[in-house]
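Here's the structure, in structure tokens; my notes come after.
The values are calculated or read from the model by the stated rules, or taken from the named source; none is laboratory data. Remember, it's a predicted structure, so these values are computed and weren't measured experimentally. Please note: Cβ atoms are built from the backbone with ideal geometry, for glycine as well, and neighbour counts cover all protein chains shown. Quick note on the areas: whole protein, heavy atoms, side chains included, nothing else; ligands and nucleic acids left out. Shrake-Rupley method; radii C 1.70, N 1.55, O 1.52, S 1.80 Å.
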Amino acid sequence: MFYPRIFKPIMRQPKTLPPPGFKHFPLYFDLAAQAELIDCVKRATKTAPFFQPTMPRTGTPLSVVMSNFGTLGWVTDKVRGYRYDPVHPKTGLAWPPLPDLLVKLWRDVSNWPDLPEACLINWYREGSKMGAHVDNDELAVNAPVVSVSLGDPALFRIGGPKRGGPTHGIKLMSGDVVVMGGASRQCYHSVTKIYHGESALVPKGGRINLTMRRVHL
Ligand code: MD3
Ligand code: FE
């Protein structure tokens, strides 16, 4: 017996596309280069240890811990809030220099004439997330942001220039690079989940995200 085939109209999910200027390079860095970058982070955080960032005014801690490479580092605390600072908030020392591998990456993918001043190091441990936000502490709002994912995968979501619209989700894997240029640079984005324990790359586990930014024009 045959069942009659009935073609039902298919109600497709509205397709979400990443915003213009968003580029994803899956596995840009092979495992050897990923290990080298982790080594750079290990060495840098001996002199510029991970610190716990807190929200302006409320002092609520963010769930990631942070450090930086570069001439400027992104920091935040209850009293002074979000800012770029040439020194580590605890040691008062200059940040370690940007590793050569990241300088090469920036030159390869950014199309921006000057090198980045800042490279934020975010360490996501089990359960760490990052709420929806726009990066707007930089004067160079037209310079792209270049980010590298290392270790456990993350579910990254990017929406539009206003909070609360539809979002496009991608699972960022270790070695992936994303470039946020053009309109995507002003878009809300978040990290909603860490796939804890899927990678053994990061000592003590989790995910490390390196985000390079040009601060001044
Ligand atoms: C899209 N970090 O540090 S990296 C951040 O995975 C941040 O740690 C996330 O958002 C992370 O500010 C995402 C990718 C990224 C970085 C900056 C962006 C995406 C972006 C700026 C504008 C739009
Ligand atoms: Fe961001």
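Could you tell me which residue of region 93-127 is surrounded by the fewest Cβ atoms within 10 Å (Cβ to Cβ), considering only residues that are of a type in the set (Asp, Glu) and more than 15 Å from ligand 1 (Cβ to nearest atom)?
Top of the filtered list is ASP100.
Tell me yes or no: at least one residue of region 144-154 is more than 16 Å from ligand 2 (Cβ to nearest atom), touching a residue at least 24 places away in the same chain (Cβ under 8 Å), open to solvent by 30 Å² or more (accessible area, probe 1.4 Å) and not acidic (Asp, Glu).
There is no residue in region 144-154 that is more than 16 Å from ligand 2 (Cβ to nearest atom), touching a residue at least 24 places away in the same chain (Cβ under 8 Å), open to solvent by 30 Å² or more (accessible area, probe 1.4 Å) and not acidic (Asp, Glu).
Would you call LYS104 at pLDDT 95 or above and part of a strand (DSSP E or B)? Working first, answer last.
Values: at pLDDT 95 or above: yes; part of a strand (DSSP E or B): no.
No: the conditions fail for LYS104.
What is the number of the single condition among (1) touching a Lys or Arg at 6+ places or on another chain (Cβ under 6 Å); (2) away from ligand 2 (no atom under 13 Å from the Cβ); (3) not aromatic (Phe, Trp, Tyr) that GLU138 does not meet?
(2)
In region 71-86, is there at least one residue being part of a strand (DSSP E or B) and under 24 Å from ILE170 (Cβ atoms)? Spell out how you get there, then give the answer.
The initial filter retains those residues of region 71-86 that are part of a strand (DSSP E or B), namely 72-75, 83-85.
Right, trim to under 24 Å from ILE170 (Cβ atoms) and you get 74.
Yes, region 71-86 contains a residue that is part of a strand (DSSP E or B) and under 24 Å from ILE170 (Cβ atoms).
Name the residue that is farthest from the chain's Cα centre (by Cα), counting only residues in region 46-105 that are under 27 Å from PHE29 (Cα atoms) and among the small types (Gly, Ala, Ser).
ALA48
With the requirement that a residue be modelled with pLDDT of 95 or more and farther than 15 Å from SER147 by Cα, what does region 15-32 give you? Full working, then the answer.
The first filter runs over region 15-32 and keeps only residues modelled with pLDDT of 95 or more, leaving 22-32.
Answer for region 15-32, where residues must be modelled with pLDDT of 95 or more and farther than 15 Å from SER147 by Cα: ASP30, LEU31, ALA32.
When you check MET130 against the structure, is it within 9 Å of ligand 1 (Cβ to nearest atom), surrounded by fewer than 22 Cβ atoms within 10 Å (Cβ to Cβ), in contact (Cβ under 8 Å) with a residue 12 or more places away in the chain and under 26 Å from ALA48 (Cβ atoms), yes or no?
Taking the combined requirement at face value, the residue satisfies it.
Taking ARG157, is it open to solvent by 10 Å² or more (accessible area, probe 1.4 Å), charged (D, E, K, R) and under 16 Å from SER110 (Cβ atoms)?
Details: open to solvent by 10 Å² or more (accessible area, probe 1.4 Å): yes; charged (D, E, K, R): yes; under 16 Å from SER110 (Cβ atoms): no.
No, not satisfied.
Between a first residue in region 104-120 that is within 17 Å of LYS23 (Cα to Cα) and a second residue that is in a loop (DSSP other than H, G, I, E, B) and open to solvent by 70 Å² or more (accessible area, probe 1.4 Å), which pairs have beta carbons less than 9 Å apart while being 6 or more apart in sequence or on different chains?
Pairs that qualify, where the first residue is within 17 Å of LYS23 (Cα to Cα) and the partner is in a loop (DSSP other than H, G, I, E, B) and open to solvent by 70 Å² or more (accessible area, probe 1.4 Å), are LEU105/TYR28; ASP108/TYR28; VAL109/TYR28; TRP112/ASN142.
Could you tell me whether region 24-31 includes any residue that is more than 18 Å from the chain's Cα centre (by Cα) and surrounded by fewer than 17 Cβ atoms within 10 Å (Cβ to Cβ)?
yes
Determine, yes or no, whether LYS90 is open to solvent by 10 Å² or more (accessible area, probe 1.4 Å), over 26 Å from LYS162 (Cβ atoms) and without any contact (Cβ under 8 Å) to a residue 40 or more places away in the chain.
no
Restricting to region 185-198, what's the tally of residues that are away from ligand 2 (no atom under 11 Å from the Cβ) and buried (at least 19 other Cβ atoms within 10 Å of the Cβ)?
Qualifying residue count for the region: 1.
Check SER174 against each of (1) over 21 Å from PRO53 (Cβ atoms); (2) within 14 Å of ligand 2 (Cβ to nearest atom); (3) open to solvent by less than 40 Å² (accessible area, probe 1.4 Å); (4) not basic (Lys, Arg) and name the one condition it does not meet.
In the conditions (1) over 21 Å from PRO53 (Cβ atoms); (2) within 14 Å of ligand 2 (Cβ to nearest atom); (3) open to solvent by less than 40 Å² (accessible area, probe 1.4 Å); (4) not basic (Lys, Arg), SER174 misses (2) alone.
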